[in-house]
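K.L.:
Dropping the structure in here first, questions after.
The values are calculated or read from the model by the stated rules, or taken from the named source; none is laboratory data. Please read these numbers as outputs of a predicted model, since none were measured by experiment. Note that each Cβ is placed from the backbone with ideal geometry, even for glycine, and that neighbours are counted across all protein chains shown.
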Amino acid sequence: MLEKIVKRNKPVTRIILVIIGVCAMGVGLYFLDHIKFGTDSWSTFNLALSRKFGMSYGNTLLIANLIALIFVLLFGRREIGIGTIANMVLVGYAKDFSEWLFGKFIPDSFFEPFLNRCLILIPAMAWFIVAVAIYVAVDLGTSPFDAVPNILARRIAKIPFMYLRITYDALWAVLGFFLGGTVGAVTVLIALFLGPCITWVKHKLEKTFGFIND
């Protein structure tokens with residue numbers, strides 16, 4: 001029954017999954033930020049930037065994405081889609097909303113004990129990675145941050161994409177670190193496990209809904 005409904009409403013289903021994915025990323029980022037074991041490189045940079053200039057994370061991420069979007073518009077418009085806009089706008093503000101909502105029930109002191117942080121680490125990281133994987137697997141557009149290395153790889157064919165992407169991610173992690181951001185175990189683990197998780201999620205979505213590659 002579910003599969004029949006999905007097949008009749010493929011575009012709507014894909015948009016819904018994108019929105020779920022990017023909003024879930026913001027929620028996961030809230031917990032990763034508070035346990036202080038690091039986040040993905042782009043979030044590390046923008047979290048540090050938002051604190052340095054006293055702006056909300058949502059506003060900071062949106063401005064950074066708009067700057068990156070200029071490069072994408074000039075050199076790789078095919079990377080842009082509904083998912084691009086959803087990622088630009090919703091991830092940061094979902095994180096801000098999570099700060100407001102969970103802040104009413106979870107005091108900052110809860111995240112101070114090392115044991116509490118360790119207990120949250122695996123579920124928060126798994127939540128974030130799966131959320132990113134859903135967003136990517138639905139394939140409705142690439143975030144400006146992720147689009148840039150894709151464009152560079154097409155224009156610098158002599159450098160294998162894997163090394164280009166590692167260098168690109170490392171650059172933003174280092175910039176975030178020098179701005180006062182936290183680079184830690186999660187930064188490395190996300191880099192290692194995100195690719196395989198995207199493949200797994202895409203397979204599950206295709207098996208369940210039969211529409212991802214249509």
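K.L.:
Looking only at segment 144-191, count how many residues are among the polar types (S, T, N, Q) and more than 25 Å from LEU121 (Cα to Cα).
P.N.:
Qualifying residue count for the region: 2.
K.L.:
Taking the stated definitions as given, is PRO123 at pLDDT below 85 and surrounded by fewer than 22 Cβ atoms within 10 Å (Cβ to Cβ)?
P.N.:
Here the answer is no, as PRO123 does not meet what is asked.
K.L.:
I'd like to check something: does segment 147-163 contain any residue that is under 27 Å from PHE53 (Cα atoms), in contact with an Asp or Glu (Cβ under 6 Å, 6 or more places away or on another chain) and either at pLDDT 80 or above or assigned to a helix (DSSP H, G or I) (or both)?
P.N.:
So far as segment 147-163 goes, yes, one or more of its residues are under 27 Å from PHE53 (Cα atoms), in contact with an Asp or Glu (Cβ under 6 Å, 6 or more places away or on another chain) and either at pLDDT 80 or above or assigned to a helix (DSSP H, G or I) (or both).
K.L.:
Of the numbered conditions (1) free of Cβ contacts under 8 Å to residues at least 40 places away in the same chain; (2) part of a helix (DSSP H, G or I), TRP172 satisfies every one except a single condition; which is it?
P.N.:
Here TRP172 clears every test but (1).
K.L.:
Next question, about the same structure. When you scan segment 170-185, do you find a residue that is modelled with pLDDT of 85 or more, within 16 Å of the chain's Cα centre (by Cα), of a type outside the set (A, V, I, L, M, F, W, C) and within 14 Å of SER41 (Cβ to Cβ), even just one?
P.N.:
yes
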